């Protein structure tokens, strides 16, 4: 079965150069924005930032995938914490009309996110199994 959860780490703040941060940590962002650029609604960004892919997985594997990301991204998270950047883990949950979907994160993982000052958001995306749904 294919992934039903997509997770990104959203980073924003007074970052001097998001591209330099990403290059230094050898990471590829899904999206990068800079202070002074216009967003999709035509408004100016007041801060810079980026979205970093974390996982595309089944909801049952979410806790483990996030733990793996936190472990492998330790240096990046320490650096970002030192800059005062805001960090938010955004869990995109695919929700199908005929089959409810949920995610569960362990208390230990929630504690790890809290200690790293990483916020948590869960966003539901309505989906259909076929074009006739």
Worksheet item: For the chain, what is the relative contact order in percent, using Cα pairs closer than 8 Å and at least 6 residues apart in sequence?
Response: 30
Worksheet entry | DSSP-defined antiparallel bridges as percent of all bridges, the chain, nearest 5 | 70
Worksheet item: How large is Rg/Rh for the stretch 55-133, to two decimals, with Cα atoms and a Kirkwood Rh?
Response: 1.06
Discussion item. What does the C-alpha gyration tensor say about the overall shape of the chain? Classify as rounded when a/c is under 1.5, otherwise prolate if a/b is larger than b/c, or oblate.
Written reply: oblate
Worksheet item: Given only helices, namely DSSP H runs of n ≥ 4 each adding -39500 (n - 2.57), what is the per-residue ellipticity at 222 nm of the chain, to the nearest 500 deg cm²/dmol?
Response: -8000 deg cm²/dmol
Worksheet item: If you rank 79, 125 by fewest surrounding Cβ atoms within 10 Å, what's the result?
Response: 125, 79
Worksheet entry | Sorted by Cβ neighbour density within 10 Å, fewest at the top, the residues 4, 19 | 19, 4
Response to the item:
Put in order of increasing Cβ neighbours within 10 Å, starting from the fewest, 102, 12 give 102, 12
Worksheet item: What percent antiparallel are the DSSP beta bridges of the stretch 64-125, to the nearest 5?
Response: 10
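A short reminder: the numbers here are calculations on the coordinates, not readings from a lab. This structure is a prediction, so every number in the text was calculated from the model and none was measured. Cβ atoms come from the backbone with ideal geometry, glycine included; neighbour counts cover every protein chain shown.
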